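The structure under discussion appears below in the form of structure tokens.
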Amino acid sequence: MAVTLEQARRVGYTCLKALLRFAFMVANNLVAIPSYVLYLIVLQPLRVLDSKSFWYIEGVLFKWLLAMVASWGWWAGYTVVEWGDDVKAVSEDEAMVLVNHQATGDVCTLMMCLQDKGTVVRQMMWLMDHIFKYTNFGIVSLIHGDFFIRQGRAHRDQQLVLLKEHLEKYYRSRNRKWIVLFPEGGFLRKRRETSQAFAKKNNLPFLKHVTLPRLGATQVILKTLVAPQENGTPAGGDAVIKESKSKGLQWVIDTTIAYPKGEPIDIQTWILGYRQPTVTHVHYRIFPVKDVPAEPEALTHWLYQRFIEKEDLLTHFYETGAFPPLQGQTKAISREMTLSNLWLVGIQSLAFLSGGMWYCIFQYFYHCLF
């Protein structure tokens, strides 16, 4: 079939736009990430003298970096509409966020939609696949204190021990409040067939839009971060001291991400922007942690129920284009999430100014030494 001139122009424009966006993203990374690292190196004396202030500043810089990633999608027209409970109401409390996982763009979507949730982004910890450690953002996540988990049965027990140690060492000492994890343990397209086979063997529901979650990381987080009196364990000794500083994990936020027609956005699309503007839909449901069972079998059942509910939510969304109303509501209420273009331009400008400043400093010392 012959290609018309208009079609050729459209393809050419899309390719040129993708090339320019990629060049900008590379330049953005080359100035923003080294600047983040260098600022924190210079601030190491503050870390010794006033650790709380150091991690506050690190959190602000971390939030700005995530906002830069969000801006790549925002300016391409990849926006977010939110449904369900309003998580801003618990943004200052400690919470565990459970998210379904379809593609690499899920992380970018969360980076965007959590930007306007108070202090959440700068005080959050991510659990992600260990492969992300070797990406351009890996050094940032390492410094921030995120946890990289290695998948596979051979590593599972060791990884859970390491996760517990990591939480005990870094979560409270760096004043973290939200912890984000993807309990399915991988992308939907990679795990769906295995999950369905497991469900059939164990007489569990057949799921198409999500997979059955894994218990390990969720159980470790609850055992480690829930205050003793919350899960029924008597508090005493050091636990009383810790409780005076923190109420412990208070909420579980069940988060469901839905893409129109079930076509997820991946990181390449987020960067290059070659897909037409797309609205991603994010549904929240908040559970008090006191209502979450601690015993493994009951917790497994509770977690399975959350993902069965996600299946129902996504089925309804794909059939109607909207999530169903919450219990007690007659009509589902959606909220359009917005970002300030002025603020995004401001932090991008600061990143490039910082890069220029560090370059001048290195040039000065180089000439002084040589």
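The values are calculated or read from the model by the stated rules, or taken from the named source; none is laboratory data. Since the structure is predicted, the reported quantities are computational estimates derived from the model, not experimental observations. All Cβ positions, even for glycine, are placed from backbone atoms using ideal geometry, and neighbour counts span all protein chains on display. Note: accessible area is taken over every heavy atom of the protein model, side chains too, but ligands, DNA and RNA are not part of it. Shrake-Rupley method; radii C 1.70, N 1.55, O 1.52, S 1.80 Å.
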Quiz item: Taking region 292-318, which residues are charged (D, E, K, R), open to solvent by 40 Å² or more (accessible area, probe 1.4 Å) and modelled with pLDDT of 95 or more?
Solution: 309, 312
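Please specify each residue of region 246-265 satisfying the condition of being outside any loop (DSSP other than H, G, I, E, B) and touching a His at 6+ places or on another chain (Cβ under 9 Å).
Listed by number, the residues that qualify are 254, 255, 256, 257, 258, 260, 262.
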Exercise. Please specify each residue of region 144-171 satisfying the condition of being surrounded by 12 or more Cβ atoms within 10 Å (Cβ to Cβ) and more than 23 Å from residue 249 (Cα to Cα).
Key: 150, 151, 155, 156
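Assess whether residue 53 counts as being open to solvent by 10 Å² or more (accessible area, probe 1.4 Å), in contact (Cβ under 8 Å) with a residue 12 or more places away in the chain and on the phi < 0 side of the Ramachandran plot.
No.
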Quiz item: Of all residues in region 259-285, how many are in contact with a Cys (Cβ under 7 Å, 6 or more places away or on another chain) and either open to solvent by 30 Å² or more (accessible area, probe 1.4 Å) or farther than 19 Å from residue 318 by Cβ (or both)?
Solution: 2
Quiz item: Among the residues of region 88-139 satisfying the criterion of being over 14 Å from the mean Cα position of the chain (by Cα) and among the hydrophobic types (A, V, I, L, M, F, W, C), which is least open to solvent (accessible area, probe 1.4 Å)?
Solution: 90
Quiz item: Does residue 189 fit the bill of being basic (Lys, Arg) and under 27 Å from residue 34 (Cβ atoms)?
Solution: no
Self-check item: Whichever residue in region 57-86 is open to solvent by less than 10 Å² (accessible area, probe 1.4 Å) and aromatic (Phe, Trp, Tyr) and, among such residues, is nearest to the chain's Cα centre (by Cα)
Solution: 62
